[in-house]
Each structure stands twice: as C-alpha cells, then as structure tokens.
Amino acid sequence: MAIRNLVFDAADPGAAARFWAELLGWRLGDAEVRPPASDGCEFGLTFTQASEPKQGKNRLHPDLASHTPDHQKSIVDKALSLGARRLDLGQGDVPWVVLADPEDNEFCVLEPREVYLDAGALAALVVDAHEPDVLATFWSGALGWPIKNRAPEIVGLRSPGERGAWLECLRTKDIKTGMNRLRLEIAAADVGSLRAAGAMPLGTGGLMADPEGNEFHLR
C-alpha cells in the first residue's frame, strides 16, 4: 500500500493546481501536480471541485522544506508572489512561516531542519490528532510506513525508501467539523484489515475515515 495522491477540494481546481505546481517546481497536468523523479516524493497532488466553501482550519496541511535561511525566504517570497498570504494562527514567535494558499489552505514553510534535508520540496504532511501515537500506529499499518520519530506531541512516519515527505500526526485539541478539504488517496488495500484497525467506511466509492474521522480514498 502507498499514498497515491494528496487530494485538495478547491473552488478553482485549475488555479489551485497552477499555484502548487509553480511553488513546488512540480509538473502540472490536468488539475494535478506530479513531482519529478529527482524530488523523491512518491505521490502527487490532485484537485477536485469543492462542493462548499472552506470553513475553519484544515486538519491536514503540508509543510515545505528549506535548506538555508535564504532558501526559506525565497520560498515564502515566491508563495506570496503567487497569491498566498501570511496567516496568524496564534503560533507566536516561531522560526517557520505560516501561510495560506489562494484557496485559504494552511501550509508552513519550515526553517532548515536536518531531518528534512533529503525530503524534497515537501517536508511533511501533518495531520491533526487527539492521540498522535494511536493515529500514527493506524497509518503505519495501513501504509507499511515505519514510525521513525515518536514524541508526546508529534509522531512521524516515513516511506520505507526513506525519500520524500514524512507523514506526521500532531497533537491538537481542535474538534473536527465537516469533511476535510485535504485528504489522502491510498492504493487499494484490504478493507477488512483497515476496519479491524479502526477505519470506518463512508458510503460507497472507496471513501473511508481513519480512527479520528479523517476521510481518505481507496483507489
């Protein structure tokens, strides 16, 4: 099993795809963005038509990697020039920069961190969790990604190939409301095993939810 795509609901899927392709330096397709082989990321981004406006903070957000302070600044400047805006979520004085894309999806441009130096443009996909260890254990089993970092507030998984973005479960007290606008799409898996591990089917079409109610697609 593997992550195939990160799915974005968007009011303008084409414009959202163009923003992320330009920002990441990835290849633009028909409402999808694919990484070059040199990036090391094993999944792409796809953009679908949103059925309703965004409400509240997303429970899943991308973190972008940087290699030097000047590189971090150049990523932030590029994002702003493409239509992103700075965002205050109460983060205070932190070394990373919090932004929102033109669809108001939150993302962070991280300061240089050794753990992400070989991650490519995307450092991590960060999922809010009430119980990070429990949620990380579920996703580790679902994807076959081992847990590489474990702390009380955040637990990180990475592909066995140890290239590309991490998947990180970050402790939060926020309550989920409505359907997530960013969702994982994973390769077809054993539904029975996923249900035994705590996943919940959501109607038809391969839509399921993880143990904290975050929707994901089976393809």
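The values are calculated or read from the model by the stated rules, or taken from the named source; none is laboratory data. Being a predicted model, the structure only gives us computed values, none of them experimental. Cβ placement follows ideal geometry from the backbone for every residue including glycine, while neighbour counts extend to all protein chains displayed.
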Do you know which of the residues in segment 166-182 that are in contact with a Phe, Trp or Tyr (Cβ under 8 Å, 6 or more places away or on another chain), in contact (Cβ under 8 Å) with a residue 60 or more places away in the chain and not charged (D, E, K, R) is farthest from S66 (Cα to Cα)?
-> L182
For segment 154-171, which residues satisfy the criterion of being modelled with pLDDT under 95 and surrounded by fewer than 20 Cβ atoms within 10 Å (Cβ to Cβ)?
-> P160, G161, E162, R163
Any hit, segment 5-27, residues being under 27 Å from G144 (Cβ atoms) and part of a loop (DSSP other than H, G, I, E, B) = yes
When (1) of a type in the set (G, A, S); (2) in contact with a strand residue (DSSP E or B) (Cβ under 7 Å, 6 or more places away or on another chain); (3) closer than 29 Å to D70 by Cβ are applied to S140, the one that fails is (3)
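Would you check if G40 is in contact (Cβ under 8 Å) with a residue 24 or more places away in the chain, of a type in the set (G, A, S), surrounded by 14 or more Cβ atoms within 10 Å (Cβ to Cβ) and within 14 Å of F8 (Cα to Cα)?
No: the conditions fail for G40.
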Flag if V94 is at pLDDT 95 or above, among the aliphatic types (A, V, I, L, M) and surrounded by fewer than 13 Cβ atoms within 10 Å (Cβ to Cβ) | yes
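Evaluate segment 145-162: report whether one residue or more is among the small types (G, A, S) and at positive phi.
Looking for residues that are among the small types (G, A, S) and at positive phi, one finds none in segment 145-162, hence no.
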Filtered residue count, segment 97-119, keeping only those that are of a type in the set (D, E, K, R), at pLDDT 95 or above, assigned to a loop (DSSP other than H, G, I, E, B) and on the phi < 0 side of the Ramachandran plot | 4
Check segment 200-208 and report whether any residue there is buried (at least 16 other Cβ atoms within 10 Å of the Cβ), at negative phi and under 16 Å from the mean Cα position of the chain (by Cα).
-> no
Could you tell me which numbered condition A65 fails, if it satisfies all but one of (1) of a type in the set (A, V, I, L, M, F, W, C); (2) surrounded by fewer than 20 Cβ atoms within 10 Å (Cβ to Cβ); (3) within 26 Å of W145 (Cα to Cα); (4) modelled with pLDDT of 95 or more?
-> (2)
Would you confirm whether any residue within segment 53-72 is part of a strand (DSSP E or B) and aliphatic (A, V, I, L, M)?
-> yes
For R181, which of the numbered conditions (1) surrounded by 14 or more Cβ atoms within 10 Å (Cβ to Cβ); (2) touching a helix residue (DSSP H, G or I) at 6+ places or on another chain (Cβ under 9 Å); (3) farther than 11 Å from V127 by Cβ; (4) not aliphatic (A, V, I, L, M) fails to hold?
-> (2)
Under the condition of being under 16 Å from the mean Cα position of the chain (by Cα) and surrounded by fewer than 19 Cβ atoms within 10 Å (Cβ to Cβ), which residue from segment 1-20 is modelled with the lowest pLDDT?
-> A2
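For segment 124-131, does any single residue satisfy the condition of being of a type in the set (G, A, S), under 29 Å from P152 (Cβ atoms), in contact (Cβ under 8 Å) with a residue 24 or more places away in the chain and assigned to a strand (DSSP E or B)?
Looking through segment 124-131, at least one residue is of a type in the set (G, A, S), under 29 Å from P152 (Cβ atoms), in contact (Cβ under 8 Å) with a residue 24 or more places away in the chain and assigned to a strand (DSSP E or B).
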